[in-house]
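**Q** Once you've had a glance at the structure underneath, I'll fire off some questions.
The values are calculated or read from the model by the stated rules, or taken from the named source; none is laboratory data. Note that the structure is predicted; figures quoted are calculated from it, not measured. Reconstructed Cβ throughout: ideal geometry from the backbone, glycine too, with neighbour counts over all protein chains shown.
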């Protein structure tokens, strides 16, 4: 028995979204102003949703812990955004993007959601171009495209290596327009610390002002979580330092099911760590794989400089193993192969923890100027960080955690299992299955924010006309405020000897070692015994100097790390129960003879959605069965 | 092994916006040259925390030079001495063993100190809200390729749009002027066809909002020198020209004012 109703509309796949848009309840334009919506997070999903909802007439409040909405981590996405425009006349279509995304997700996503995403992809490009997003253009003034991350058509729109920045600024500016019009109330440096429920429905949130420490309640008819992914559970990741799971996790503890937490994506092209104080890993856009060739020396512990290693002693292992896709195999395949060669002792660089990404052939073929025009800023960034010039010496890269496909469970309307509470963008689980294709994160964040939620949120709100928001003096709010304040006081009173960062680093090691690129039953069981021990130590021995009445980043981080502990345990549990390999979840016990992921469609073609049962018992695993009527289940092959 | 540095740091500590601040001296020993400047501060903070002292607050987030959150005047220069580099991308190999490094917040009246090295840059948001957008409601856009944008215009517009809103331009300016930031947004939007409908209205309101917070430009060019994205001074000239035009074009009742 499942308690999950995904609310997928009936009808042929290509008609579901249109039919649904016609059948959902509408809120009359004059009534929209009677509804208040809280949006938490101001990245692509949050900013686009907040702007769009307020344009429709809803009263919107936006909360971000940053000093400005423009800082959200969407800004760091480099490569591009997919759109099934078929401007290149190379056979792309909505159906092909849909098909590629379902296949790329290793058949663990909902067909209906993915098709809707592909349909809306074309509208995002139009919207962004109209906002002035400076996409790359051809000399005729029309938009340029490139092939990206495993796609065999050129459907990726891009803005140099700064596509995320430019799309976010577009959404931020749309939001700024609404703030200026008085239609959006913006709260910066304000962190959401709880979702508040009244009679089983979300009725608001509790926040802490990071500058003054003030804990405050905000009520609304709907709460939208656009709070991103949880990649920082690994401590070292390509995420920004402040990215966290807290909003999603606290919603989970209030009844929102958490889906597929073990689906995490390891990005193949990041700069390897240089020392133990490394605070984050920097991603080099996957677009580099279009022109760069990945290789390692044939021999073990080869310490010659790469330019001295002759062609005959190099192993271009992706081109060798996957002749058809070569260096453009999907992320999970590229990452795991890098791990394999490094584990074999063929790693390069001072710590032997990388593989080469070589642009020599591209520079010879196209000239340094053309290479610079495509990747100049990435090459400059690489040189600043490593002190090496990639025009002359191959880059060194290694996989790092980059994106999390798992997240808060949502139905087709993007509503979580808490009525009135929604999750959009990376925070939800819905569209990427077990692996996300390149240039699809920006697409999903903006599809949810611009074109999905603004339609679907009305379906629930329409029935609530006349309901006033719950007063923030209601006991449900005062009690939640007391709990938030209580946690702050508890942190400040521990007075231990270790910093929050120390615990975060230790947790990250455990999660990377046991729930990283390759998982085993034994390792996951170890994770389930070692993580709680570290967590116990955290609550006894963390040291948070200072007060709760002004800016205190240790205090902020403590709350986030406390939630990462809970999440890490659930990730291990989820990974342990999913006795198959799929996409980013690779269980060593389940692989084909040539080392590829072996799915078990009979037993695991479902979403695992976990229900919170209180702090002292483990979550309950619910299943949402996935059906594939339009894409045949096959073993992915990129050979 | 990479080189290690022993450093002395003079760091600005200030409890809050309305209290006096002062420099405190810290030692940072055995710092790897591969660390970023912020990782070096992390090490100092970790030592402070484990001895029960209050760590130094500083703004930072993406640590890859794109979010614009990090700041800092390092030895009197915004984001330090390396050209076209944010503080998070400044690496310790650019310093020498035994150096004394002075670290202060970005200083400008429009950027009040929040705590220690953290300042409030929300005046930039007010400038964007004053017109730094193209008014196109979601869903109203036509097919993207119906509006060709000459590649040259698009490229130049992008050069301006690369601004990360960090505020180094203001911090570097002897007048604390925000002309480079404001003109970068105007250069982005005013150069392309999509931005024409609001071009002159936008220019007038953004410039006047800027002037209500920030000092005046006297063409020192320090802003460009400090800019981690190397935004060109040409955009300031472009903004000034558009502002003069706007003063004529925006007069709805010409001759009656």
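**Q** Provide a single number: the residues in segment B:83-100 that are surrounded by fewer than 18 Cβ atoms within 10 Å (Cβ to Cβ), more than 8 Å from chain A (Cβ to nearest Cβ) and farther than 20 Å from residue B:229 by Cα.
**A** Going through segment B:83-100 one residue at a time, the tally reaches 5.
**Q** Checking the conditions here, which among B:201, B:153 is farther than 21 Å from residue B:223 by Cα, in contact (Cβ under 8 Å) with a residue 60 or more places away in the chain and more than 22 Å from the chain's Cα centre (by Cα)?
**A** Details: B:153 fails: in contact (Cβ under 8 Å) with a residue 60 or more places away in the chain.
Residue meeting the stated conditions: B:201.
**Q** For the list (1) buried (at least 17 other Cβ atoms within 10 Å of the Cβ); (2) outside any loop (DSSP other than H, G, I, E, B); (3) more than 8 Å from chain A (Cβ to nearest Cβ), I need the number of the one condition that residue B:70 fails.
**A** Just one mismatch for residue B:70, condition (2).
**Q** Here's another thing I want to ask about it. Inspect all residues belonging to segment B:192-211 and state whether any of them is out of contact with any strand residue (DSSP E or B) (no Cβ under 6 Å at 6 or more places or on another chain) and over 28 Å from residue A:129 (Cα atoms).
**A** Narrowing segment B:192-211 to residues out of contact with any strand residue (DSSP E or B) (no Cβ under 6 Å at 6 or more places or on another chain): B:192-211.
Now restrict to residues that are over 28 Å from residue A:129 (Cα atoms): B:211.
Yes: one or more hits.
**Q** Return yes when residue A:138 is closer than 22 Å to residue A:16 by Cβ, outside the structural domain of residue A:586 (by TED's automatic domain parsing) and out of contact with any strand residue (DSSP E or B) (no Cβ under 7 Å at 6 or more places or on another chain) and no when it is not.
**A** On the way: closer than 22 Å to residue A:16 by Cβ: no; outside the structural domain of residue A:586 (by TED's automatic domain parsing): yes; out of contact with any strand residue (DSSP E or B) (no Cβ under 7 Å at 6 or more places or on another chain): yes.
The answer is no for residue A:138.
Let's see how each residue does on (1) surrounded by fewer than 19 Cβ atoms within 10 Å (Cβ to Cβ); (2) at pLDDT 95 or above; (3) over 24 Å from the mean Cα position of the chain (by Cα):
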| site | (1), (2), (3) |
| --- | --- |
| A:18 | yes, yes, yes |
| A:33 | yes, yes, yes |
| A:38 | no, yes, no |
| A:43 | no, yes, no |
| A:56 | no, yes, yes |
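**Q** Among the candidates B:49, B:31, B:101, B:66, single out the residue that is touching a residue at least 24 places away in the same chain (Cβ under 8 Å) and under 24 Å from residue A:543 (Cβ atoms).
**A** Working: B:49 fails: touching a residue at least 24 places away in the same chain (Cβ under 8 Å); B:101 fails: under 24 Å from residue A:543 (Cβ atoms); B:66 fails: under 24 Å from residue A:543 (Cβ atoms).
The match here is B:31.
Condition check ((1) part of a strand (DSSP E or B); (2) closer than 18 Å to residue A:449 by Cα; (3) touching a residue at least 60 places away in the same chain (Cβ under 8 Å)) across all residues:
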{"residue": "A:4", "(1), (2), (3)": "no, no, yes"}
{"residue": "A:10", "(1), (2), (3)": "no, no, no"}
{"residue": "A:13", "(1), (2), (3)": "no, no, yes"}
{"residue": "A:21", "(1), (2), (3)": "no, yes, yes"}
{"residue": "A:26", "(1), (2), (3)": "no, yes, yes"}
{"residue": "A:37", "(1), (2), (3)": "yes, yes, yes"}
{"residue": "A:46", "(1), (2), (3)": "no, yes, yes"}
{"residue": "A:50", "(1), (2), (3)": "no, yes, yes"}
{"residue": "A:60", "(1), (2), (3)": "yes, yes, yes"}
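**Q** Which residues, counting only those in segment B:146-171, are assigned to a helix (DSSP H, G or I), farther than 23 Å from residue A:449 by Cβ and facing another protein chain (nearest Cβ under 7 Å)? Let's see the steps before the verdict.
**A** Keep residues of segment B:146-171 that are assigned to a helix (DSSP H, G or I), which gives B:146, B:151-161, B:168-171.
If we keep only those that are farther than 23 Å from residue A:449 by Cβ too, we end up with B:146, B:151-160, B:168-171.
Within segment B:146-171, B:151, B:154, B:157, B:158 meet the criteria.
**Q** Of the conditions (1) facing another protein chain (nearest Cβ under 9 Å); (2) within 17 Å of the chain's Cα centre (by Cα); (3) on the phi > 0 side of the Ramachandran plot, residue B:230 fails just one. Which one is it?
**A** (1)
**Q** Given the condition within 13 Å of chain B (Cβ to nearest Cβ), more than 19 Å from the chain's Cα centre (by Cα) and modelled with pLDDT of 95 or more, answer yes or no: does some residue in segment A:65-80 qualify?
**A** Yes.
**Q** Turning to a different aspect of this structure: Would you be able to say whether some residue in segment A:324-334 is in contact with a strand residue (DSSP E or B) (Cβ under 8 Å, 6 or more places away or on another chain) and either outside the structural domain of residue A:272 (by TED's automatic domain parsing) or over 20 Å from residue A:78 (Cβ atoms) (or both)?
**A** The first filter runs over segment A:324-334 and keeps only residues in contact with a strand residue (DSSP E or B) (Cβ under 8 Å, 6 or more places away or on another chain), leaving A:327, A:331-332, A:334.
Then drop every residue that is not either outside the structural domain of residue A:272 (by TED's automatic domain parsing) or over 20 Å from residue A:78 (Cβ atoms) (or both), which leaves none.
No, every residue in segment A:324-334 fails to be in contact with a strand residue (DSSP E or B) (Cβ under 8 Å, 6 or more places away or on another chain) and either outside the structural domain of residue A:272 (by TED's automatic domain parsing) or over 20 Å from residue A:78 (Cβ atoms) (or both).
**Q** Buried (at least 24 other Cβ atoms within 10 Å of the Cβ) and assigned by TED's automatic domain parsing to the domain that holds residue A:342: is that true of residue A:375 in this structure?
**A** Working: buried (at least 24 other Cβ atoms within 10 Å of the Cβ): yes; assigned by TED's automatic domain parsing to the domain that holds residue A:342: yes.
In short, yes.
**Q** Of everything in segment A:548-604, what is away from chain B (no Cβ under 14 Å) and closer than 29 Å to residue B:60 by Cα? Give them in sequence order. Show your work before the answer.
**A** Within segment A:548-604, the subset away from chain B (no Cβ under 14 Å) is A:559, A:562-604.
Scanning segment A:548-604 gives A:559, A:562, A:563, A:564, A:565, A:566, A:567, A:568, A:569, A:571.
So that you can scan it fast, the table gives a plain yes or no per residue for (1) modelled with pLDDT of 95 or more; (2) under 25 Å from residue A:98 (Cβ atoms):
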| site | (1), (2) |
| --- | --- |
| A:147 | no, yes |
| A:151 | no, yes |
| A:164 | yes, yes |
| A:173 | yes, no |
| A:182 | yes, no |
| A:188 | yes, no |
| A:194 | yes, no |
| A:198 | yes, no |
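**Q** Let me ask something else. Within segment B:6-17, is even one residue in a loop (DSSP other than H, G, I, E, B), out of contact with any strand residue (DSSP E or B) (no Cβ under 7 Å at 6 or more places or on another chain) and at pLDDT below 95?
**A** no
**Q** Spot the failing condition for residue A:61; the list is (1) at pLDDT below 95; (2) under 18 Å from residue A:186 (Cβ atoms), and only one is missed.
**A** (1)
**Q** If you go through segment A:466-475 one residue at a time, do you hit one that is under 30 Å from residue A:595 (Cα atoms) and modelled with pLDDT under 95? Give the derivation first.
**A** Taking segment A:466-475 and keeping what is under 30 Å from residue A:595 (Cα atoms), we get none.
Checked segment A:466-475: no residue is under 30 Å from residue A:595 (Cα atoms) and modelled with pLDDT under 95.
**Q** Right, something else. Pick out the one residue from B:91, B:79 that is touching a helix residue (DSSP H, G or I) at 6+ places or on another chain (Cβ under 6 Å) and in contact (Cβ under 8 Å) with a residue 40 or more places away in the chain. I'd like the intermediate steps shown before the answer.
**A** Values: B:91 fails: touching a helix residue (DSSP H, G or I) at 6+ places or on another chain (Cβ under 6 Å).
Exactly one residue qualifies, and that residue is B:79.
**Q** Hey, could you check segment B:110-142 for residues that are at the interface with another protein chain (Cβ under 8 Å from one of its Cβ atoms) and outside any loop (DSSP other than H, G, I, E, B) and say which is farthest from residue B:198 (Cα to Cα)?
**A** Top of the filtered list is B:115.
**Q** Something else about it: Suppose we filter A:108, A:155, A:146 for residues that are closer than 30 Å to residue A:579 by Cβ and more than 8 Å from chain B (Cβ to nearest Cβ); which single one remains? Spell out the reasoning first.
**A** On the way: A:155 fails: closer than 30 Å to residue A:579 by Cβ; A:146 fails: closer than 30 Å to residue A:579 by Cβ.
So the residue among A:108, A:155, A:146 that is closer than 30 Å to residue A:579 by Cβ and more than 8 Å from chain B (Cβ to nearest Cβ) is A:108.
**Q** Moving to a separate point now. Answer with yes or no whether residue A:232 is assigned by TED's automatic domain parsing to the domain that holds residue A:258 and free of Cβ contacts under 8 Å to residues at least 60 places away in the same chain.
**A** On the way: assigned by TED's automatic domain parsing to the domain that holds residue A:258: yes; free of Cβ contacts under 8 Å to residues at least 60 places away in the same chain: no.
Here the answer is no, as residue A:232 does not meet what is asked.
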